[in-house]
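Following: one structure in structure tokens, then a few remarks.
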Amino acid sequence: MRKTKTTLAYEKLKELFHQETLDKSRCIPTAEIAEKVGFGRAPVLDALRRLESEEYLAIVPQKGIVVLEMTIQDMREINDIRMALESFIVRQIAPDFSAEDAARAHAELEEQKRAQASDDPQAFMTSDERFHLFLSELTRNTRMIHLMQRLRSRFFTAGLYVLKRPDRMNTT
């Protein structure tokens, strides 16, 4: 399936958020954002509206966007919801969890260990996200999967920030 320009712009912008490459200290003009991702104004505006609904940014009419900082309270709330959902997911998938499922989960955990050994928080979070989304996909509940994707994605940036602290990947 071919992706639309809006979807491609959204994915590029989301990557910029995950890499923390957007200036948080100023209102960034939409034209600058469009140039940065290499798409026209219309798909970029659609992508920005989607990211605004996911609480990555605020759109300031006639000015551009402001990157939203995730507060400690935001992190706590997202983590609480994530823990409740993941507990539910584990209970749902446990009866049918196969050896193949276990092998895939184990492979992601091994990938996290390699990322930790090479002190690579970005790779660690990427693998962690794949691990948790894999488990949610086993539920075959499309709404649950979508919700977990949104929560994991929003948690990615906060998790990356936390993992940059010394020895934090070990405890995680």
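The values are calculated or read from the model by the stated rules, or taken from the named source; none is laboratory data. Small disclaimer: the values here were computed from a predicted structure and weren't measured. In this analysis, Cβ positions are derived from the backbone assuming ideal geometry, glycine residues included, and neighbour counts consider all displayed protein chains. Ligands, DNA and RNA are stripped out before the accessible areas are found, and what is left, the full protein with its side chains, is counted by its heavy atoms. Shrake-Rupley method; radii C 1.70, N 1.55, O 1.52, S 1.80 Å.
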Q | Computed label-point distance, nm, for sites residue 80 and residue 54 using a 7 Å Cα→Cβ extension | A | 2.4 nm
Q. Here are some pairs, 36/113; 14/63; 36/63; 14/36; 3/113; which of them have Cα atoms lying more than 24 Å apart in this structure?
A. 36/113; 3/113
Q: Would you mind working out the accessible area per residue for segment 1-121, using a 1.4 Å probe, and quoting it in Å²?
A: 65 Å²
Q: Grab the DSSP H runs of the chain that are 4 residues or longer, score each as -39,500 (n - 2.57), total them, divide by all residues and round the 222 nm result to the nearest 500 deg cm²/dmol.
A: -22500 deg cm²/dmol
Q) About its Cα centre, how strong a charge dipole does segment 6-134 have in debye, to the nearest 20, once Lys and Arg get +1 and Asp and Glu get -1 at the Cβ? A) 460 debye
Q. Along the positive direction of the dipole of the chain (beta-carbon charges: Lys, Arg +1; Asp, Glu -1; about the Cα centre), which of 61, 28, 90 reaches farthest?
A. 61
Q. Which of the listed residues, 112, 38, 127, is farthest toward the dipole's positive end in segment 1-156, when Lys, Arg count +1 and Asp, Glu count -1 at the beta-carbon?
A. 38
Q: Hey, for a label at residue 20 modelled as a point 7 Å past Cα toward Cβ, could you say which residues of segment 124-142 have their backbone N under 18 Å away?
A: 124-129
Q | Ratio of the Cα radius of gyration of segment 13-103 to 2.2 N^0.38 Å, where N counts its residues | A | 1.49
Q: Give the Rg/Rh ratio for the chain, taking Rg as the radius of gyration of the Cα atoms and Rh as the Kirkwood radius, to two decimals.
A: 1.00
(Q) At 0.36 nm per residue, and after removing the present C-alpha to C-alpha distance, how many nm does the segment from residue 12 to residue 134 gain when stretched out fully? (A) 41.7 nm
Q.
On the principal axes of its Cα set, how long, how wide and how thick is segment 96-172? Give whole Å, largest value first.
A. 37, 27, 16
Q | Ranked order, 119, 128, 46 - accessible area, probe 1.4 Å, largest first | A | 119, 46, 128
Q.
Which one, 92, 73, 112, has the greatest fluctuation when you compute a Gaussian network model over the chain with C-alpha springs under 10 angstrom?
A. 73
Q) Long-range amide H contacts for residue 65: which residues qualify at under 5 Å (H placed 1.01 Å from N, peptide plane, sequence gap of 5 or more or a different chain)? A) 28, 30, 60
